[in-house]
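The values are calculated or read from the model by the stated rules, or taken from the named source; none is laboratory data. As the structure is a prediction and not an experimental result, all values here were calculated from the model. Virtual Cβ from ideal backbone geometry, glycine too; neighbours counted across all protein chains shown.
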Amino acid sequence: MPTWVWLAGMVTASFGGRFLAALARVAPYYLPDEYIYPSLARGFAEHGRPLIRGVGVHFPALLDPLLTAPVWLATSNPETAWRLTQAMHAVAFSAAAIPAYVLARRLRVSRGLALLVAAIAVAVPDGVYAGSMLADAVAYPIVLATLCVGVQLTTSPRPRTQLAFVAASALAVTARIQYAAVPIAVLLGVVAADRFRLTKTVKRLWPTLALLAAPPVLLFGAFGRAQVLGVYSHGNHGFHGGAILHWIARDAMLLAYSTGWVIVPGAIVGIAYALGRPRTRAEIGFAVTALTLAGALLLAAAQIADTDSQRFQERYLFVLVPLAAVAFALYAERGFPAKLPVALASAALLALAARVPLSGYAAAHNKDDSPTLWAVLRLESIVTTGNGALAVAVVAALLSGLAALVAFKRVGAVAALTAAAAACCALSAGATSFDSKMSHDVRSSLPHDLEWVDHARLGAVDLVAPPGARKEQSWEQLFWNHSLKRLLVLGSPRIDQFATAQVRVAPDGRMLVGGRIERRPLLVQTYASLVELTGVRRVRHELIFDLYRPVGIPRLRLLAAGLFADRWLAPRGAITVWNAKGQRLAVDLSLPARSQATTMRFMAPGLRRLVRVRPRSNVRLSFPVPTAGAWSVHFATPRSAYLADDRAVSVVARRVALVH
């Protein structure tokens, strides 16, 4: 059967599977990224420039928004745009089979093994991102294509090849900024192929070097670091050597799992032979490129994990999976040498799987950027944590044994690569199932009508985030409702680095934004704050949101910061009222059965009150408001309780209201 038929079938099957999986994804939850990219795409479509919340932004990774901007020209419906973007991403990701195959063939890997490398490229568990709004699905095939051209550059640096490499590198960098490491890694591979005769490399590749260096130098010189890198210029760039090495080791272990485990020992030996005894210039160039790129991406992932996310950054690393498959194929093409090192590496992997179970890493926050851990967690949710951990360890042990048998030619390369592809498919299935479940969980926290604010037809609406507002819920509303034009923070921190206005409250309760009185319709989040307004009429209430139409000048009457929507009080907070002199603030407290008695302290100027709330009892408090303007009473408890959703709470406040 012709190669193109195999590749076409592979791409088609991958697209069908990935798009069907994407259809099961009913709401974005990888935020804020899944809000940022479609917002930029809509800005390009509607205004011809990158905008978020109506304000121009500096953002270096603009390729995906540019490619998906036509979606927003075709439709203004966010649900339709969501599905069309998913389809485009599924196509892009599935196309990675082609450059993966070509890369293997350019390194003189046999046709059969190269097809299996292509299969692994589209079977990686991180293919789940094809159903998201993230740029990874677009960046992935471009990086593999850049590496293909890089191999060609190593062997035949003709002008046409150099131009193609520069163009592919530019696309890779504008797809995801961390792939700036790709052209650097390729050029180091060329230097290695030239036996580190730097002068020779510069003479041969000076057009490439000039074209790659000139744009960054001009951009940074003309606009500065902040405007070129945008949000990435504000990151924490601290470097802690010990912690970085720890994260690199953990990320490398996780990468071994997502690669399919069985090919890892052979891939390591394949890279070693390509470095020490290269058969061609392409081989040593590929080996140095792969090692450099792996080191750069592992370092970047570890630095971000250490200084920011505190979790695995598998998104940064999955492009290395097909490179490992190619390295294993090179090892197989050499006739399976170095049997003892491969057997020892297999034994080391077996010991690692037994000593460091993935179940511990799959818990809590660690899994957020790792589809491999999603798959483990999904398995454990079905068969219990202990059984799931045991199953993963058993499979890893079997694959380690298979890797050892490969070295002694008891199992062929085809069988090993097939087993790796099967393992990747299993992880993909688990990650997809977890992704769908998470998406449905998020969807259940949203209104039935996702576009309910737009359907109210109030014109431009401002989203108000009071104290304790959930960032994810704000992003969801901004994603689905394009009539939300501004984000206003009222005593809460910024949710991102994009356009955000601070609300200042006048003594009479008027809300001032940029020194001007706020007169627009308002969408107020009430997750952790009770907000009462005058001068407005409530149009609709949905879960933790109230939508208001102004019927005068909107004014704050009461703000209970720390009062959750289900009436639980946070361990500390404040209740502020405006223009309520002569009235009383009534607060009714209680506790459900089987809870512990809780002491609450209420404090205001000239006021100190200590109350003890017992289960099944009601405590009614009344505080006279002594002044006009703004007046606040603060509450706190020395003892916090925790609900099933991990919220820290104190007591239930059945009523918080102003009374005469």
Is it the case that some residue within segment 251-262 is of a type in the set (Val, Ile, Thr) and surrounded by fewer than 18 Cβ atoms within 10 Å (Cβ to Cβ)? no
What do you reckon, is SER359 touching a helix residue (DSSP H, G or I) at 6+ places or on another chain (Cβ under 6 Å), more than 20 Å from GLY276 (Cα to Cα), in the same structural domain as ILE263 (by TED's automatic domain parsing) and not aliphatic (A, V, I, L, M)? yes
Report whether or not ARG42 is crowded, with 19+ Cβ neighbours inside 10 Å, of a type in the set (Lys, Arg) and within 23 Å of the chain's Cα centre (by Cα). yes
Picking from ALA644, ALA628, which residue would you name as being outside any strand (DSSP E or B) and touching a residue at least 40 places away in the same chain (Cβ under 8 Å)? ALA628
Residue under question is GLY48, and the condition is that it be surrounded by fewer than 19 Cβ atoms within 10 Å (Cβ to Cβ) and at positive phi; does it hold? yes
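A quick yes/no check of all residues on (1) at pLDDT 95 or above; (2) in contact with a Ser or Thr (Cβ under 7 Å, 6 or more places away or on another chain); (3) crowded, with 19+ Cβ neighbours inside 10 Å; (4) under 17 Å from PRO265 (Cα atoms):
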site: ASN366; (1), (2), (3), (4): no, no, yes, no
site: TRP374; (1), (2), (3), (4): no, no, yes, no
site: ARG378; (1), (2), (3), (4): no, yes, yes, no
site: ILE382; (1), (2), (3), (4): no, no, no, no
site: ALA389; (1), (2), (3), (4): no, yes, yes, no
site: ALA416; (1), (2), (3), (4): no, no, yes, yes
site: CYS424; (1), (2), (3), (4): yes, no, yes, yes
site: ALA429; (1), (2), (3), (4): yes, no, no, no
site: HIS440; (1), (2), (3), (4): yes, no, no, no
I need the full set of residues from segment 228-244 which are hydrophobic (A, V, I, L, M, F, W, C) and either exposed (fewer than 13 other Cβ atoms within 10 Å of the Cβ) or not assigned by TED's automatic domain parsing to the domain that holds PRO371 (or both), in order please. PHE239
Flagged in segment 189-227 as closer than 24 Å to ASP136 by Cα, in contact (Cβ under 8 Å) with a residue 40 or more places away in the chain and either β-branched (Val, Ile, Thr) or surrounded by fewer than 15 Cβ atoms within 10 Å (Cβ to Cβ) (or both), in numbering order, are PRO215, ALA226, GLN227
Can you tell me which of (1) closer than 26 Å to ASN579 by Cα; (2) modelled with pLDDT under 95 is the one ASP496 doesn't meet? (1)
Contacts under 7 angstrom Cβ, first residue in segment 429-448 being touching a residue at least 40 places away in the same chain (Cβ under 8 Å), partner of a type in the set (Phe, Trp, Tyr) and assigned to a loop (DSSP other than H, G, I, E, B), 6 or more apart: MET438/TYR29; SER439/TYR29; VAL442/TYR29
Filtering segment 458-500 for residues that are under 17 Å from VAL536 (Cβ atoms) and surrounded by fewer than 16 Cβ atoms within 10 Å (Cβ to Cβ) leaves a count of 2
Enumeration of residues in segment 577-615 that are free of Cβ contacts under 8 Å to residues at least 60 places away in the same chain, assigned to a loop (DSSP other than H, G, I, E, B) and of a type outside the set (Gly, Ala, Ser): LYS581, ARG594, GLN596, PRO605, ARG614, PRO615
Based on what the data block shows, is ILE248 closer than 28 Å to ARG355 by Cα and either at pLDDT below 95 or part of a loop (DSSP other than H, G, I, E, B) (or both)? yes
Could you tell me whether any residue of segment 300-318 is more than 26 Å from the chain's Cα centre (by Cα) and of a type in the set (Phe, Trp, Tyr)? no
Of all residues in segment 618-642 being more than 45 Å from the chain's Cα centre (by Cα) and of a type in the set (Ser, Thr, Tyr), the one that is modelled with the highest pLDDT: SER622
Can you say whether LEU20 is within 22 Å of the chain's Cα centre (by Cα), farther than 19 Å from LEU229 by Cα, at pLDDT 95 or above and surrounded by fewer than 17 Cβ atoms within 10 Å (Cβ to Cβ), as far as the supplied structure shows? yes
Scanning for something free of Cβ contacts under 8 Å to residues at least 40 places away in the same chain and of a type in the set (Lys, Arg), does segment 328-343 turn up at least one residue? no
